[in-house]
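Asks: The structure under discussion is supplied below as structure tokens; questions concerning it will follow.
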Amino acid sequence: MGAKNHGVIMPDAAKDATLNQLVAAAYGAAGQRCMALTACVFVGESRKWIPDFVEKVKKLQVGPGSNAKTDVGPVISKQSKQRILKIIDSAKNEGANVLLDGSNVKVSGFENGNFVGPTVITGVKPNMTCYKEEIFGPVLVCLEAESLDEAIDMINKNPYGNGTAIFTSSGIAARRFTNLVDAGQIGINVPIPVPLPQFSFTGNRGSFLGDANFYGKAGLNFYTQWKTVTQLWRAEDAAPEAKPQMAFPQLH
């Protein structure tokens, strides 16, 4: 289930709460989860929040999982680290701005570890490698849009449609987003919108493979065949009726 999960930041969102959620969603588990936030679209004046976001990210501590103070642990393998570093380099070569570069992070006592520091890339365009490919690491790419509709269009043109979120204080914006965005799991001021088990956990488009959903009724229904039974039990049916009931539906 591939993913390029987007977060849309509206200028009317609660700034501090939103930035804190973005940090946790992008860099928790070193970005190695299918529902990690990997792309942010800053709409309008919210682009001015990017420097404050970077300052929050700088405070994250990289280290081994055995250290209780660690915020960002290592990536899963050497191959994964090299792939992530290659994508960061591609961003530099393709004209993006790497405001915070975790390529050369060093962890004392673990010099040969598979560590990649939190990375923030801005000035990203949809044709760039760092946007098109799933990174699966502690790297967040940042795009900008002038309007909510432009942000929605950007998300819908991406081949993946796993999860997405909008941060806003406007119910109107939230409703428009949920109606128009093409993703399987949508969050409103929730950066990692993993649903409860009774609902399906499945993306759309390139984020869905096969025929069955992960869980919930949608997953169960694939293995079932529906049968509808309509019943009527009445004591008065023992006596003959005066005349047939001709209205449709019968006896409802």
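The values are calculated or read from the model by the stated rules, or taken from the named source; none is laboratory data. Keep in mind that this is a model prediction, so the values were computed, not measured. We place every Cβ from the backbone using ideal geometry, glycine too, and count neighbours over all the protein chains shown.
Asks: Kindly evaluate LEU60 against the criterion of being farther than 27 Å from GLN185 by Cα, in contact with a helix residue (DSSP H, G or I) (Cβ under 7 Å, 6 or more places away or on another chain) and of a type in the set (A, V, I, L, M, F, W, C).
Replies: yes
Asks: So which of THR119, THR168 ends up being surrounded by 14 or more Cβ atoms within 10 Å (Cβ to Cβ), in contact with a Leu (Cβ under 9 Å, 6 or more places away or on another chain) and touching a residue at least 40 places away in the same chain (Cβ under 8 Å)?
Replies: Matching residue, one of THR119, THR168: THR168.
Asks: Working carefully through the options LYS92, LYS56, LYS69, LYS86, find the one that is in contact (Cβ under 8 Å) with a residue 24 or more places away in the chain and either surrounded by fewer than 12 Cβ atoms within 10 Å (Cβ to Cβ) or of a type in the set (D, E, K, R) (or both).
Replies: Within the list LYS92, LYS56, LYS69, LYS86, the selection yields LYS56.
Asks: So, in the range 110-146, exactly how many residues are among the aromatic types (Phe, Trp, Tyr), farther than 12 Å from ILE84 by Cβ and under 18 Å from the mean Cα position of the chain (by Cα)?
Replies: Of the residues in that region, 1 qualify.
Asks: Scan the range 156-165 for residues that are surrounded by fewer than 24 Cβ atoms within 10 Å (Cβ to Cβ) and closer than 22 Å to PHE53 by Cβ and jot them down.
Replies: Selection gives ASN158 alone.
Asks: Go through the range 29-53 and give me each residue that's in a helix (DSSP H, G or I) and either touching a residue at least 60 places away in the same chain (Cβ under 8 Å) or touching a Gly at 6+ places or on another chain (Cβ under 7 Å) (or both).
Replies: Hits for the range 29-53 are ALA30, GLY31, GLY44, ARG47, ILE50, PHE53.
Asks: Can you go through LYS86, LYS4 and tell me which one is at pLDDT 95 or above and basic (Lys, Arg)?
Replies: So the residue among LYS86, LYS4 that is at pLDDT 95 or above and basic (Lys, Arg) is LYS86.
Asks: Determine whether the range 33-50 contains at least one residue that is crowded, with 17+ Cβ neighbours inside 10 Å and at positive phi.
Replies: Within the range 33-50, one or more residues are crowded, with 17+ Cβ neighbours inside 10 Å and at positive phi.
Asks: Also, quick follow-up: For the range 100-116, which residues satisfy the criterion of being of a type in the set (A, V, I, L, M) and either assigned to a helix (DSSP H, G or I) or surrounded by fewer than 23 Cβ atoms within 10 Å (Cβ to Cβ) (or both)?
Replies: LEU100, VAL105, VAL107
Asks: Could you please let me know if GLY95 is small (Gly, Ala, Ser), part of a loop (DSSP other than H, G, I, E, B) and either under 19 Å from ALA39 (Cα atoms) or modelled with pLDDT of 95 or more (or both)?
Replies: It is true that GLY95 is small (Gly, Ala, Ser), part of a loop (DSSP other than H, G, I, E, B) and either under 19 Å from ALA39 (Cα atoms) or modelled with pLDDT of 95 or more (or both).
Asks: Scanning for something assigned to a strand (DSSP E or B) and out of contact with any helix residue (DSSP H, G or I) (no Cβ under 7 Å at 6 or more places or on another chain), does the range 66-89 turn up at least one residue?
Replies: no
Asks: Go through (1) at pLDDT 95 or above; (2) surrounded by fewer than 22 Cβ atoms within 10 Å (Cβ to Cβ) and name the single condition ALA151 misses.
Replies: For ALA151, the failing item is (2).
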